[in-house]
1. Filter region 97-114 down to residues that are open to solvent by 20 Å² or more (accessible area, probe 1.4 Å) and either farther than 17 Å from ILE184 by Cα or in a strand (DSSP E or B) (or both), then give me how many there are.
2. Any idea how many residues of region 128-142 are surrounded by fewer than 24 Cβ atoms within 10 Å (Cβ to Cβ) and either not in a strand (DSSP E or B) or not assigned by TED's automatic domain parsing to the domain that holds GLU162 (or both)?
3. Collect the residues in region 23-53 that are crowded, with 19+ Cβ neighbours inside 10 Å and in contact with a helix residue (DSSP H, G or I) (Cβ under 7 Å, 6 or more places away or on another chain), keeping them in residue-number order.
4. Given the criteria part of a loop (DSSP other than H, G, I, E, B) and either at pLDDT below 95 or surrounded by 21 or more Cβ atoms within 10 Å (Cβ to Cβ) (or both), does ALA82 qualify?
5. Would it be correct to say that THR168 is on the phi < 0 side of the Ramachandran plot and touching a strand residue (DSSP E or B) at 6+ places or on another chain (Cβ under 7 Å)?
6. Given the structure, is ALA56 surrounded by 21 or more Cβ atoms within 10 Å (Cβ to Cβ) and more than 17 Å from ALA188 (Cβ to Cβ)?
7. Quick test for you: out of LEU132, LEU113, LEU87, pick the one residue that is under 25 Å from VAL57 (Cβ atoms) and at pLDDT 95 or above.
Amino acid sequence: MKNIVVLVSGGGTNLQALIDASERGEIENGRISCVVSSNPNAYAIERAKKHNIDYAVIRRKDYKSLDSYDEALTALLLEKKADLVVLAGFMTILGDKVIKQFENRMINIHPSLIPSFCGAGFYGLKVHEAALARGVKVTGATVHFVNEICDGGPIILQKAVEISDDDTAETLQRKVMEQAEWKILPKAVSLFCSEKISVQGGRTIIKD
Ligand code: GRF
């Protein structure tokens, strides 16, 4: 069984999708062993408590520098014996050490079809506002490995979502979550835990 540690900062609906999938037996060879929040008031912590999942809080503002925060986060993830680290709405910038330590073992969910509407500054509603402003007809979500480039690591899974003329950033955000994020994140986690994902030359190969 691999230990899955989920990093959160807010509502935690993606965490909930992972918990639900796990309780339905859909995460093969993995268990959510800990939830780490950058925000002590995140509702995601309530979700962890409700399901008797261990949790920890680590706040960026309690550390003087990115380096000391990076050290502490790396140490926490090692202490929790994380085999897989999942960024599920984690809003804090990561340092190089943790990224290197968990190379090809840390994944993120992004609410667009990468390489569109991603990178620095594209988070939350801003992603959906940009998609609507550009007038794309299809958007979606992407699960990818985390590397030193923001939203630039190898892509694991993507799912498309159609945009309607009457969509707002808020309705689109919800649609992308329901139709894409909550489906592909648990699937990618399960594939990882069953050792069905390999990385070759910046791309992933999925054995399913
Ligand atoms: C999601 O849209 C995810 O794609 C992004 O942050 C949001 C987190 O939402 N990275 P939640 O906390 O899982 O509800």
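The values are calculated or read from the model by the stated rules, or taken from the named source; none is laboratory data. None of the values given here were measured: they were computed from a predicted structure. Backbone-built Cβ (ideal geometry, glycine too); neighbour counts: all protein chains shown. Remember, those area values only see protein heavy atoms, side chains included, never the ligands or the DNA or RNA. Shrake-Rupley method; radii C 1.70, N 1.55, O 1.52, S 1.80 Å.
1. Result for region 97-114: 7.
2. Residues flagged as surrounded by fewer than 24 Cβ atoms within 10 Å (Cβ to Cβ) and either not in a strand (DSSP E or B) or not assigned by TED's automatic domain parsing to the domain that holds GLU162 (or both) within region 128-142 amount to 8.
3. Result: ILE27, GLY30, ILE32, VAL35, VAL36, SER37, SER38, ALA44, ARG47.
4. yes
5. When the stated conditions are applied, THR168 does not pass them.
6. no
7. The conditions single out LEU87.
Table: residues versus (1) farther than 21 Å from MET91 by Cβ; (2) at pLDDT below 95; (3) away from the ligand (no atom under 13 Å from the Cβ); (4) not in a strand (DSSP E or B).
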position	(1), (2), (3), (4)
ASN3	yes, no, yes, no
LEU7	no, no, no, no
ILE19	no, no, no, yes
GLU28	yes, yes, yes, yes
ARG31	yes, no, yes, no
VAL35	no, no, no, no
PRO40	no, no, yes, yes
ILE45	no, no, no, yes
